[in-house]
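Written out below as structure tokens is the structure these notes cover.
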Amino acid sequence: MRDKLESILESYRELTEKLSDPEVFSDQKVYSKLAKEQSDMTPLASKITEYFGVLDDIADAEDIVRVESDHELRELAKEELHVLQERKPLLEDELKAMMLPSDPNDAKNVIVEIRAGTGGDEAGIFAADLFRMYTRFAESQRWKVEVLDSSENEVGGFKEVSFMVKGKRVYSRLKFESGVHRVQRIPTTESGGRIHTSTATVAVLPEAEDVEIEVNPNDLRIDVYRSSGPGGQSVNTTDSAVRVTHLPTGLVVQSQNQKSQLQNKENALRVLRARLLEMEIERQQAEMGEARRSQIGSGGRSEKIRTYNFPQDRLTDHRIGLTVHNLPAVMMGEIGPVIEALAAADRAERLAAVV
């Protein structure tokens with residue numbers, strides 16, 4: 001393990017030296033790439049340096065215990081050695097966790113798609129509640145939210161809504177939200193006080209760069225039509241809404257929230273590229289086999305991941321058996337503890353697999 005850690009430190013030193021090279025600094029594209037690599041490596045390099053310092057301190061303390069004739073100094077060294085030996089395995093566990101292969105998509109922005117499932121109008125209201133929950137959480141993280149497309153139902157909910165979230169490492173925080181969300185509550189329209197169960201599906205797609213997913217214009221059929229629903233004076237008066245069909249896969253994406261046909265086309269293509277990237281990720285995961293699919297982050301669209309039980313004021317995440325209370329706060333965007341618990345469980349599973 002020490003050889004591997006020393007190799008990482010050497011790579012970090014080489015990166016630092018390159019960043020001080022005038023030729024590298026003059027090429028801002030190369031400099032930015034190397035600066036990001038160094039920034040990403042800095043926490044691990046610092047932890048390795050700390051670990052090596054502890055190993056050196058252990059060796060020094062052992063020497064004192066072995067050769068020092070002064071009884072009082074030997075006892076002090078024994079006490080220090082005991083503290084250092086307890087600290088060493090903790091640092092080793094931290095290093096193992098930090099050295100786990102990271103998800104290449106973790107640093108990306110995301111496109112979130114929420115669709116009402118079973119439950120009629122109540123499912124649409126729940127979809128709107130989830131949209132509000134995620135937008136409030138995004139605000140708390142200082143992320144930017146941009147609605148790409150939406151379709152409302154008759155009672156103020158959403159049949160479906162898609163939106164982009166931009167910010168620092170958004171996918172790493174939201175990727176565990178993909179799946180079926182279930183709500184149990186008494187609808188406001190229910191006169192008999194009966195509890196209804198409704199569902200909504202959430203898909204969290206990493207934003208695809210043009211270089212990752214190349215879309216051939218000849219593979220697209222683009223239709224324009226008149227918008228419906230919210231959107232201002234242009235609604236139902238101009239052909240600004242856009243529907244894009246990807247002929248090889250049959251994927252259909254539409255956008256109508258912007259007044260400009262060009263903006264709607266750009267939004268639709270962004271969603272299309274994200275869905276194509278999702279298909280490629282799913283294909284790669286399938287090749288990796290059952291071990292990967294059993295991990296926390298599998299998040300299939302048909303997988304029931306969470307229940308929001310309002311009569312019992314309880315949220316349950318079925319993947320890790322987590323239960324939290326205070327649903328009103330959760331629905332106002334306080335989902336950080338749930339996300340952190342899922343990320344911790346995922347790290348633990350991946351670490352166990354490596355060990």
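List of remarks:
- Close contacts from region 1-17, counting a first residue that is aromatic (F, W, Y) and a second that is surrounded by 11 or more Cβ atoms within 10 Å (Cβ to Cβ), with Cβ to Cβ under 6 Å and a gap of 6+ residues or different chains, come to Y12/M41; Y12/A45.
- Yes/no for G167 being under 22 Å from D346 (Cβ atoms), surrounded by 19 or more Cβ atoms within 10 Å (Cβ to Cβ), touching a helix residue (DSSP H, G or I) at 6+ places or on another chain (Cβ under 9 Å) and of a type in the set (G, A, S): no
- A Cβ distance below 7 Å, combined with a sequence gap of six or more or placement on separate chains, defines the contacts here; from region 81-107, residues that are under 15 Å from A343 (Cα atoms) reach residues that are part of a helix (DSSP H, G or I) and aromatic (F, W, Y) in the pairs N105/Y171; D106/Y171.
- Members of region 188-225 found to be modelled with pLDDT under 85, within 23 Å of Y308 (Cβ to Cβ) and surrounded by 10 or more Cβ atoms within 10 Å (Cβ to Cβ), listed by number: T189, E190
- Among the criteria (1) loosely packed, with under 15 Cβ neighbours inside 10 Å; (2) touching a Leu at 6+ places or on another chain (Cβ under 6 Å), the one I111 does not fulfil is (1).
- Selected residue (only one of V183, V145 is under 22 Å from L276 (Cα atoms) and not hydroxyl-bearing (S, T, Y)): V145
- When R347 is tested against the conditions (1) of a type outside the set (S, T, N, Q); (2) closer than 12 Å to F176 by Cβ; (3) in contact (Cβ under 8 Å) with a residue 40 or more places away in the chain; (4) crowded, with 18+ Cβ neighbours inside 10 Å, the lone failure is (4).
- Leading residue by the ranking (nearest to K175 (Cα to Cα)) among those in region 307-352 that are β-branched (V, I, T) and not in a loop (DSSP other than H, G, I, E, B): I339
- When S162, S150 are screened for being buried (at least 17 other Cβ atoms within 10 Å of the Cβ), over 20 Å from the mean Cα position of the chain (by Cα), hydroxyl-bearing (S, T, Y) and not in a helix (DSSP H, G or I), only S150 passes.
The values are calculated or read from the model by the stated rules, or taken from the named source; none is laboratory data. A quick note: this is a predicted structure, and the numbers were derived from the prediction, not measured. Every residue, glycine among them, receives a Cβ derived from its backbone with ideal geometry; neighbour counts consider all protein chains shown.
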